[in-house]
Amino acid sequence: MPVLIYIDQAEGHIKKSSFEAASYGAKIAALTGTTAEAVVLGKLTDDLPSLGNYGITKVHHVADESLNHLDAQQFTRIIAALATQINAGVVVLSNNVNGKAIAPRLSARLKAGLVAGAISLPDTSNGFVVKKGVFSGKAFANINVLTPIKIIALTPNAFSPEKGSGIAEVVAFTPSPEPSRVKLVATNKVKGQVPLSEAELVISGGRGLKGPENWGMIEELAQLLGAATACSRAVADAHWRPHHEHVGQTGGSVSPNMYFAVGISGAIQHLAGVNRSKVIVVINKDPEAPFFKAADYGIVGDAFEVMPKIIAAVRKIKG
Amino acid sequence: MKILVCISKTPDTTAKIAFVDNNTKFAAEGVQWIINPYDEWYALVRAIELKEQDPSSIIHLVTVGTADAEPIIRKALALGGDEAIRVNLESHDSFTIASQISAIAREGAYDLILTGKETLDYNGASIGGMVAELLDLPFISLATKFDLAGNTATVTREIEGGEEVAEVNLPLVVSCQKGVAEQRIPNMKGIMGARSKPLKVVEPTATEALTSIVNFELPPAKAGVKLVSADQPEELVRLLHEEAKLF
Ligand SMILES: Cc1cc2nc3c(=O)[nH]c(=O)nc-3n(C[C@H](O)[C@H](O)[C@H](O)COP(=O)(O)OP(=O)(O)OC[C@H]3O[C@@H](n4cnc5c(N)ncnc54)[C@H](O)[C@@H]3O)c2cc1C
Ligand SMILES: Nc1ncnc2c1ncn2[C@@H]1O[C@H](COP(=O)(O)O)[C@@H](O)[C@H]1O
């Protein structure tokens, strides 16, 4: 019963989170003594046989241009048909925006238990138990999947892709077409920025920065590090920054390697969106700011004095 | 138009997260429950806004939960639903909850089913998609904007680094997040009126759980923050570079 990995793409390129899913799926295949196969939908410019580098032996490709954009209902139908055809035991996807639309549908269609937001490999010593974050990152739950087919939606950035060498065999998969019920009318991308949900490093600012005119230092540091920018809700509500940058209980949640917070108090509602970050760095002039309790590194100081020196030091390293 | 809004309860954000019974159960004792913010602020409020545009619309609320979910569903009614249905079942298996909701939805023949983006406690972001699949309906996840013109919905959804706009005909399932609606506070009139609004309790249909929770874990305590002097920001950069190897 092979492991089937859904490879998500945007504009013809495989997403980073899907390389993570591929590696993760290949690991499960190795653990359970089976093979890892992938399914790719749409026309891609990326090279598919090189998915073998991530442990995939076979790629099922539906080279249909109309599948270049997500239609969760169609995608589910196709992935489910393939999973049934190859008798897959586990289906792996990234729990990114598209994964969140497809995985639950797939679960209901195949009557297959889903772990949404997995952060560990399965423990198969007693069932099929996978760990995920619950209570907005304040705890973890170990979930046992009770069904013969299991669906795992892997949290982005929770598993580092391992690149080896290998060449996957690419075969065409031709599901019977069905008309789409969703008509795409526009795609608006913020150009030249690292998307927050995929970012490994995030630089974030709060009301301590006093006004939108002071965001230059946040952006400069982000640019030097190839990081995404974020903000607190207070900042988005004041229209200093766009709403899609706001993280926390009511905004986006992020799980980067580093969350670098400048002039943010660290209210519990803010922490709810960022406490899955691996390392938290806090710059705040108030030593009592609650954020320091959740931080790994910090400076008690004035952002306007500290940040220019930090930027200069990073510039030295990054040349 | 008939709208069904899925309402769940979640511990207040400031609630202490702890577990009992060998870490198999959330310590619910003394916890304050709130309406899951995505359900209240975005799904429900958008439904109310749609009803303001078209007063002939009907809003039904559904919650899958035992009697302790009633204060929450009453509060949601106070905000603006016409009628609420509580399916008398406590479950943390998304498929079980989705099966109950889809049974209610099938019976009520709704044009629009709205859910929140995710629950703040179990963080599945799964139930909307499952309901859509069980009902064979289109599903737009993580919507940030939702407009209706006759039978056609125009929905904006989040994608990595941007957004996508799509047109879909009703009936439809949408999961809602920030942007979909304006926040509002219930008025006293609504709160008084809510007491006389019908709250129907129905027994669950038989479904088999696809997953079970083995136990919970709390994250290991943080080692504590390593503070660097404000006179030496360069030292922080060195630590992040050499010790934490972040860049
Ligand atoms: C139901 C609910 C949901 C919420 N959801 C969210 C959410 O999703 N996300 C979110 O962020 N918030 C959310 N909030 C709001 C949250 O409670 C806080 O009010 C908000 O996060 C505060 O933003 P802030 O830290 O930027 O501002 P402030 O609380 O004003 O903090 C500013 C900080 O900057 C520091 N500072 C000031 N000057 C300087 C300087 N020169 N140098 C360095 N530091 C300086 C101060 O010491 C202070 O700690 C929510 C609130 C509620 C009630
Ligand atoms: N027990 C429940 N009863 C009714 N609706 C629910 C329940 N649990 C979750 N939902 C809805 O489904 C959405 C997504 O939940 P989840 O998949 O658990 O993250 C929530 O925002 C609610 O709108």
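The values are calculated or read from the model by the stated rules, or taken from the named source; none is laboratory data. All of these numbers come straight from a predicted model, not from anything done at the bench. Note that we place each Cβ from the backbone using ideal geometry, even for glycine, and neighbour counts take in every protein chain shown. Just so you know, the surface numbers come from the protein's heavy atoms only, side chains and all, with ligands and any DNA or RNA stripped out. Shrake-Rupley method; radii C 1.70, N 1.55, O 1.52, S 1.80 Å.
Structural remarks
- Note on A:Ser66 and A:Glu169: their simple-model spin labels are 3.0 nm apart, each label 7 Å out from Cα toward Cβ.
- Of all accessible heavy-atom area on the protein assembly as shown, the percent that carbon and sulfur account for (1.4 Å): 52 percent
- Size descriptor for the stretch B:1-77, Kirkwood hydrodynamic radius: 13.9 Å (Cα pairs only, one decimal).
- A:Leu121/A:Asn188 FRET efficiency (R0 35 Å; Cβ-Cβ; nearest 0.05): 0.40
- Each listed q (0.11, 0.14, 0.17, 0.21 Å⁻¹) maps to a log10 I(q)/I(0) for the stretch B:122-220, found by the Debye formula over equal Cα scatterers with no solvent: -0.59, -0.89, -1.07, -1.11.
- Accessible surface of B:Trp33, taken over heavy atoms with a 1.4 Å probe and every protein chain present, rounds to 70 Å².
- Scaling against 2.2 N^0.38 Å puts the C-alpha radius of gyration of chain B at 1.18.
- Per residue, the accessible area of the protein assembly as shown comes to 40 Å² when a 1.4 Å probe rolls over the protein heavy atoms.
- Threshold 50 Å² - residues in the stretch A:248-289 whose accessible area is reduced by that much or more when the chain is no longer isolated, probe 1.4 Å: A:Gln249, A:Thr250
- 1.4 Å probe, heavy atoms, protein only - residues of the stretch B:148-179 losing at least 40 Å² accessible area vs chain alone: B:Arg157, B:Glu160, B:Gly161, B:Glu163, B:Glu164, B:Val165, B:Glu167, B:Lys178
- Under Karplus coefficients 6.51, -1.76 and 1.60, residue-wise ³J(HN,Hα) of the stretch B:16-32 in Hz, glycine/proline x: 6, 8, 8, 10, 10, 6, 6, 6, 9, 9, 5, 6, 7, 3, x, 7, 7
- GNM result for chain A, Cα springs below 10 Å: residue of A:Thr174, A:Thr35, A:Thr76 fluctuating most strongly: A:Thr174
- Largest-first ellipsoid semi-axes for the protein assembly as shown, taking √(5λ) over the Cα gyration tensor eigenvalues, angstrom: 35, 31, 23
- Heavy atoms of A:Lys210 accessible to a 1.4 Å probe, total area in Å² rounded to 10: 120 Å²
- Two-site FRET efficiency, B:Ser212 against A:His243, from Cβ-Cβ distance with R₀ of 51 Å, rounded to 0.05: 0.85
- Interface residues, the stretch A:92-120 - accessible area loss of 40 Å² or more versus chain alone, probe 1.4 Å: A:Val97, A:Lys100, A:Pro104, A:Arg105, A:Ala108, A:Lys111
- Using heavy atoms of the protein chains and a probe of 1.4 Å, the accessible area assigned to A:Met1 is about 120 Å².
- Gyration tensor verdict on the stretch A:196-318 (Cα atoms; rounded if a/c is under 1.5, prolate if a/b is larger than b/c, oblate otherwise): rounded
- Residues whose amide H falls under 5 Å from that of A:Val59, counting only those 5 or more places apart or on a different chain, are A:Ala38, A:Glu169, A:Val170, A:Val171, with hydrogens built in the peptide plane.
- Space enclosed by the convex hull of the alpha-carbon atoms of chain A, per residue, Å³: 147 Å³
- The long axis of helix B:94-108 is offset from the longest Cα principal axis of chain B by roughly 20 degrees.
- Reciprocal mean inverse distance between Cα atoms of the stretch A:202-251 - Kirkwood radius, Å: 10.7 Å
- B:Thr14-B:Lys226 pseudo-label distance in nm [points 7 Å out on the Cα-to-Cβ vector]: 3.4 nm
- From largest to smallest, the equivalent ellipsoid semi-axes obtained for the stretch B:197-247 from the alpha-carbon gyration tensor read 52, 18, 12 Å.
- Expected 222 nm ellipticity per residue - DSSP helices of 4 or more, -39500 (n - 2.57), all of chain B, to 500: -6500 deg cm²/dmol
- q = 0.15, 0.16, 0.17, 0.26 Å⁻¹, the stretch A:19-80: log10 I(q)/I(0) [Debye, one scatterer per Cα]: -0.50, -0.56, -0.63, -1.11
- The distance between label points at B:Glu107 and A:Lys278 comes to 5.0 nm (points 7 Å beyond Cα on the Cα→Cβ vector).
- Taking GluC sites (Glu not before Pro) in DSSP loop conformation with at most 16 other Cβ atoms inside 10 Å as exposed sites, chain A has its longest uninterrupted site-free stretch at A:12-161.
- Sorting the segments B:54-60, A:13-19 by their residues' average number of neighbouring beta-carbon atoms within 10 angstrom, most packed first, yields A:13-19, B:54-60.
- Chain A packed on chain B takes about 7000 Å² of accessible surface away from a 1.4 Å probe, both sides summed.
- Cβ-Cβ FRET estimate between B:Leu239 and B:Lys197, R0 fixed at 41 Å, reported to 0.05: 0.10
- Using the average count of surrounding beta-carbon atoms within 10 Å as a protection proxy, the listed peptides B:199-206, A:43-50 rank, highest first, as A:43-50, B:199-206.
- Number of partner chain Cβ atoms within 10 Å, mean per residue of A:178-186: 5
- Mean Cβ neighbour count within 10 Å, used as a protection proxy, ranking A:309-315, A:97-103 highest first: A:97-103, A:309-315
- Rounded, prolate or oblate (a/c below 1.5 giving rounded, otherwise prolate when a/b exceeds b/c) for the stretch A:17-143 by Cα gyration tensor: prolate
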